[in-house]
Amino acid sequence: MTDTTAHGHTSSTGISNVKLGMWTFLGSECLLFGGLISTYMLYRGRVTGGPRPSQIFDIPFTSVSSFVLLMSSLTMVLAVSAAHKGEDRKTNLWLTVTALLGATFVGGQVYEFTAFYNEGLGFSTSLFGSSFYTLTGFHGVHVTVGIIMLMSLVGIFKRSEVPGKKAEVVEMIGLYWHFVDIVWIIIFTLVYLIPV
Amino acid sequence: MAIIEREIEVMAPMVATPTSTYGVLKRPVAATGWRAWVFTVDHKKLGLMYGVTAMFFFIVGGVEALLIRLQLAAPNGKVLNADLYNQMFTMHATTMVFLFVMPMAAGFANYFIPLQIGARDVAFPRMNALGFWMFLFGGIFINLSWFIGGAADGGWFMYAPNSGPVFSPTHGIDFWAFGLQITGIASLTGAINLIVTVLNMRAPGMTLMKMPIFTWMMTVVQFLLLFAVPVITVALFLLSFQRNFGARFFDVAAGADPLLWQHLFWIFGHPEVYILVLPSFGIVSEVLPVFSRKPLFGYPFVVFSGAAIGFVGWGVWAHHMFASGLGPVSVAVFSLTTMAIAVPTGVKIINWILTMWGGKLVFSTAMKFSIGLIVLFTVGGLSGVTHSVAPSDTQQTDTYYIVAHFHYVLFGGGVLGIFSGLYYWWPKMFGKMLNERLGNWNFWLMVIGMNLTFGPMHILGLQGQPRRMYQFTEARSGEGLFNFAFWNLVASIGSFVLTIGILLFLINVVITARNPTKSPLDPWNSRSLEWMTSNPPKEHNFDVIPTVHHLDEFFHRKYEEDPATHTMRQIATAEEIMAEQERNADAHIHMPSPSYWPIVLAFGLPVITFGMIFSHLIAVFGAVIVFFAAFGWALEPSTAPASDFETNNSAPSTALDTVGKS
Amino acid sequence: MTSETTHIATSAEHSENHGMSDAGYIRIAAILAAITALEVSTVYVDFGPLFLPALLIMMVVKFIMVVSYFMHLKFDNKLFSLMFYAGLVLAVGVYAAFLATFKFFIQ
Ligand code: HEM
Ligand SMILES: [Cu+2]
């Protein structure tokens, strides 16, 4: 053992630090979204003024945007799969599609928020309003961060400057992206489909 | 923990120093001077920086405590007015909990976990630096409020409706909430980092059950942080959104439930108290065996009871809310779970006592602090059990009895353990031993002072003195000699004795720094891996990564059991073991390279939160800083590529990123 | 042997272990889409007493499918599952107890 790296040995488990760190982070995120969802569940029926959930939710519209987000998980996983095979062009293509689908979802959310606002549901209108916008807004910010990461990745790949193993970077962003998607799976059911 | 006295070490020749740079900005390459600290990603330097900063905040929190005690020393105190008093106890607690004990523990963890598991650094060195800077900037941010209209004043658990703009119109609570948000992210990154480090970077042969006990307890703490911090994050966001953006979360007029905050706070808050004491439990579990000349009694029990505390700690939070009208079922359930959690804690105490039992005790200062912890924490634990009984708690809650209880556990448990660790590991960190005679005074003054301060508070509480009371009148101080006024005076005198004790520590640090005498390599005849390096350790920690065969590996390299007499007999000295290591040193060790980005990114966050309070334009500016720093970070490899190193090495450059990246 | 070669070996093994082809992913996505359609239909078709349990079960199934297949948790090192499910189970447990103290489930 003369010419070794700083470790001189592989990791104790043989798995990558980054990936383990990512899953650890996602475990922590469960408690973050759990808290926001619980707050919403507690407060969703408390409306002292302004509209009630059932009066403003547009289920067909939200179903479509949920579907879009769900499909972005498919394109993401295809990007990861292409990256593992070393197919750069395909990776870039699927990453771009994923970002576009994500942007569609966020666009839909912006539209939805505007519509709700016009129908009288402001952030301060009621407990329902505060907790609804907080929960879905947090989720929207997570999606937006994901989009930025995806687009940066595409840009960086073009100049092929990314440090570290390329496939692993794609995989990590993929994990994050899927997590945001599963959070929405829960929000869609608990917030939109189950009436108060 | 003065930095001044630590000589800037000359890098060992086999560590390659990067000469050129890569990334968006040029990489910082200074190995000496202030830049070697500000841009460092070395876990030991960061550990020391955590320690120094925490010590500074300990003094701040201590001064706040003294002002409180001055105010209450006699009837009709005039030192603080009611408003300032509210700010004082709120900030005292916030500072002690979030800016002293937690970062001090983070400092110990940072410094010693990689050493104890035989690693050369943590898994994500840059993220480690980021964590420190976020903690520092977050702490400064919270305290800025003193100069901008007044500090937070809702008590450290900041219940609604006191936390609302009606009862707290200054920006104090805004600073408090955003600042804790930042230090919270710091804890979270630290937790992820250390968990991955412990799970993935142990030296060959070190199974989980051969891990030093301090590392074990710190790992439990990191899991608690990992899962508890997001809960307070949610709570703090709700609070900030209410105060800064008009949300209604705690607005009873809108139908809100003020208990929402209480629940979220204590779901975080109870694990938090274990976050505060388990590090000290870990330290004590290292110190007692060394100075009893015996292995830790029942290592697996100590490990599993630590894990059990971490686990059951999630199911007891509502014992902080017995008086809030939870309803009989909740009260009964939480009362029972709380009694249950005393069991694993008791297991630990028994293990410590049995470790000392029959040992050849060496009463060094570190050992005294550890024994002090066992005694005083037990006192606090017992008063804790008295309020697990809900009816008796109804009597005690919000009185000085509670103040007495949690200072016995936090000061008697947390702080004494920290001091034990400082005395024990000082030679490791600085290559010099703290003066033991001064240490003796330090210890006794602290213990006497602490009992004088907090002991009478039990009586005061049972006599009915309410917590957070800013003044008492002559008429209310009662009859006879041993009245309110008397015990309050005793407590105040005690707090000054305590202060002298702590000052002696600082004096000891200065004296030690001036004293040229170096510490021996293994001054305490220690047992775990961190002592198998030089004092202070080289930048790359170990010349050779040790292969581990035993719990207490270092001890087993020094001693062997004599089969005839069943006693341990020395087979090697620490010096011999070190010399052996140096002979076989690994060539070409690449350590992660310093980086500008952690401090830049961390600086962006308080700019954002400052903007949230005052002007959204500033927030946008902060966001831009964070954005660019994140890009710089992502584009920069965590270890400079091979071409950047003086010693050209033949290994493929892709092999260099194994130290860790982030 | 440098650590890099070991790493390549493990990651090669890892990619065979994915157990999923692109076609497999598309199949999973199709199932997810079908479940989503079924979920949405509950708004329009009366499921009676099955309404709530059906929705919750579908939610959980979708969740687990994404986690297991798209996120590879099913095929990956068990340590990842441990980290993630520890957080998830803790979150569900703690927040369920939290809502229970508000008598959320017995309205
Ligand atoms: C340096 C010696 C210390 C002294 C003299 C001291 C004194 C006090 C006093 C008198 C109070 C009660 C204020 C009131 O209720 O009106 C208080 C509150 C408190 N202290 Fe300390 N303390 C010390 C150290 C610590 C440490 C080390 C910690 C934690 C690690 C701590 C945590 C707290 C907390 C959490 C509160 C409750 C504040 C509140 O009611 O919101 N203290 N302290
Ligand atoms: Cu508690």
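The values are calculated or read from the model by the stated rules, or taken from the named source; none is laboratory data. Because the structure is a prediction, the values reported are computed rather than measured. With ideal geometry, Cβ positions are generated from the backbone for all residues, glycine too; neighbour counts draw on all protein chains shown.
Can you name the residue in region B:325-349 that is surrounded by 14 or more Cβ atoms within 10 Å (Cβ to Cβ) and more than 16 Å from B:Ser388 (Cβ to Cβ) and is also farthest from the other protein chains (Cβ to nearest Cβ) among such residues?
The qualifying residue farthest from the other protein chains (Cβ to nearest Cβ) is B:Ile349.
In the set B:Ala160, B:Ala151, which member is surrounded by 24 or more Cβ atoms within 10 Å (Cβ to Cβ) and not in a helix (DSSP H, G or I)?
Answer to the check: B:Ala151.
Check whether at least one residue in region B:253-265 is more than 22 Å from the chain's Cα centre (by Cα), within 14 Å of chain A (Cβ to nearest Cβ) and within 16 Å of ligand 1 (Cβ to nearest atom), and report yes or no.
Yes, there is a match, as at least one residue in region B:253-265 is more than 22 Å from the chain's Cα centre (by Cα), within 14 Å of chain A (Cβ to nearest Cβ) and within 16 Å of ligand 1 (Cβ to nearest atom).
Which numbered condition trips up B:Leu376, out of (1) modelled with pLDDT under 95; (2) surrounded by fewer than 24 Cβ atoms within 10 Å (Cβ to Cβ)?
(1)
Starting from region B:316-331, keep only residues that are under 9 Å from C:Thr101 (Cα atoms), then list their pairs with residues that are more than 14 Å from ligand 2 (Cβ to nearest atom) and in a loop (DSSP other than H, G, I, E, B) whose Cβ atoms are within a distance under 9 Å, requiring at least 6 positions of separation or different chains.
B:Gly327/C:Lys103
Considering each of B:Pro344, B:Pro279, B:Pro289 in turn, give the residue that is more than 16 Å from ligand 2 (Cβ to nearest atom), over 30 Å from A:His139 (Cα atoms) and out of contact with any Leu (no Cβ under 9 Å at 6 or more places or on another chain).
B:Pro279
Every residue in region B:254-288 that is farther than 14 Å from B:Gly421 by Cβ and touching a Pro at 6+ places or on another chain (Cβ under 8 Å), please.
Result: B:Pro258, single match.
Answer yes if at least one residue in region A:63-72 is surrounded by fewer than 17 Cβ atoms within 10 Å (Cβ to Cβ) and either facing chain C (nearest Cβ under 8 Å) or at pLDDT 95 or above (or both), and no otherwise. Reasoning before the result, please.
From region A:63-72, those surrounded by fewer than 17 Cβ atoms within 10 Å (Cβ to Cβ) are A:64; that's our starting set.
Retained after the next criterion (residues that are either facing chain C (nearest Cβ under 8 Å) or at pLDDT 95 or above (or both)): A:64.
The answer is yes, given that some residue of region A:63-72 is surrounded by fewer than 17 Cβ atoms within 10 Å (Cβ to Cβ) and either facing chain C (nearest Cβ under 8 Å) or at pLDDT 95 or above (or both).
Out of (1) away from every other protein chain (no Cβ under 11 Å); (2) crowded, with 18+ Cβ neighbours inside 10 Å; (3) part of a helix (DSSP H, G or I); (4) out of contact with any Leu (no Cβ under 7 Å at 6 or more places or on another chain), the odd one out for A:Leu121 is which?
Evaluating A:Leu121 over (1) away from every other protein chain (no Cβ under 11 Å); (2) crowded, with 18+ Cβ neighbours inside 10 Å; (3) part of a helix (DSSP H, G or I); (4) out of contact with any Leu (no Cβ under 7 Å at 6 or more places or on another chain) leaves (3) as the failure.
Condition check ((1) touching a residue at least 60 places away in the same chain (Cβ under 8 Å); (2) within 16 Å of ligand 1 (Cβ to nearest atom); (3) in a helix (DSSP H, G or I); (4) closer than 19 Å to A:Phe33 by Cα) across all residues:
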site: B:Ser168; (1), (2), (3), (4): no, yes, no, no
site: B:Gln181; (1), (2), (3), (4): yes, no, yes, yes
site: B:Ala191; (1), (2), (3), (4): no, no, yes, yes
site: B:Met209; (1), (2), (3), (4): yes, no, yes, no
site: B:Trp216; (1), (2), (3), (4): yes, no, yes, no
site: B:Leu238; (1), (2), (3), (4): no, no, yes, yes
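Which residue is nearest to A:Phe67 (Cα to Cα), if the candidates are limited to region C:21-49 and must be among the polar types (S, T, N, Q) and surrounded by 14 or more Cβ atoms within 10 Å (Cβ to Cβ)?
Result: C:Thr36.
Given the condition under 28 Å from C:Ala96 (Cα atoms), of a type outside the set (Asp, Glu) and outside any loop (DSSP other than H, G, I, E, B), answer yes or no: does some residue in region B:360-380 qualify?
no
Give me the helices (runs of 4 or more DSSP H) completely within region B:43-124, filtered to those with at least 2 residues that are among the aliphatic types (A, V, I, L, M), within 16 Å of ligand 2 (Cβ to nearest atom) and in contact with a Phe, Trp or Tyr (Cβ under 8 Å, 6 or more places away or on another chain), ordered by residue number.
Passing ranges: none, list empty.
Restricting to region A:147-196, what's the tally of residues that are within 14 Å of chain B (Cβ to nearest Cβ), at pLDDT below 95 and under 19 Å from A:Gly35 (Cα atoms)?
Of the residues in region A:147-196, 1 are within 14 Å of chain B (Cβ to nearest Cβ), at pLDDT below 95 and under 19 Å from A:Gly35 (Cα atoms).
Condition first: closer than 30 Å to A:Pro195 by Cα and not in a helix (DSSP H, G or I). Now tell me which residues in region A:49-90 satisfy that. Full working, then the answer.
Looking only at region A:49-90, we keep the residues that are closer than 30 Å to A:Pro195 by Cα, and these are A:49-74.
Once the filter is applied, which keeps residues that are closer than 30 Å to A:Pro195 by Cα and not in a helix (DSSP H, G or I), region A:49-90 yields A:Gly49, A:Gly50, A:Pro51, A:Arg52, A:Phe57, A:Asp58.
Can we say B:Ala307 is over 30 Å from B:Ala160 (Cα atoms), within 14 Å of another protein chain (Cβ to nearest Cβ), in contact with a Phe, Trp or Tyr (Cβ under 9 Å, 6 or more places away or on another chain) and part of a helix (DSSP H, G or I)?
So B:Ala307 passes the test.
Counting only residues that are away from ligand 1 (no atom under 12 Å from the Cβ) and out of contact with any Gly (no Cβ under 7 Å at 6 or more places or on another chain), which one in region B:266-280 is nearest to the other protein chains (Cβ to nearest Cβ)?
Initially, region B:266-280 is screened for residues away from ligand 1 (no atom under 12 Å from the Cβ), giving B:266-268, B:270-271, B:274, B:278.
Imposing the further condition that a residue be out of contact with any Gly (no Cβ under 7 Å at 6 or more places or on another chain) reduces the set to B:266-268.
On the way: B:Trp266: 10, B:Ile267: 6, B:Phe268: 9 Å.
For region B:266-280, the residue satisfying everything is B:Ile267.
So if I check each of A:Glu29, A:Glu87, which one is among the charged types (D, E, K, R) and at the interface with chain C (Cβ under 9 Å from one of its Cβ atoms)?
Every option except A:Glu29 fails the conditions.
Could you say whether any residue in region B:415-437 is surrounded by fewer than 24 Cβ atoms within 10 Å (Cβ to Cβ), within 16 Å of ligand 2 (Cβ to nearest atom) and either in a helix (DSSP H, G or I) or over 23 Å from the mean Cα position of the chain (by Cα) (or both)?
No, there is no match, as no residue in region B:415-437 is surrounded by fewer than 24 Cβ atoms within 10 Å (Cβ to Cβ), within 16 Å of ligand 2 (Cβ to nearest atom) and either in a helix (DSSP H, G or I) or over 23 Å from the mean Cα position of the chain (by Cα) (or both).
So if I check each of B:Leu504, B:Leu481, B:Leu551, which one is crowded, with 19+ Cβ neighbours inside 10 Å, more than 14 Å from every other protein chain (Cβ to nearest Cβ) and assigned to a loop (DSSP other than H, G, I, E, B)?
One residue alone meets the criteria, B:Leu551.
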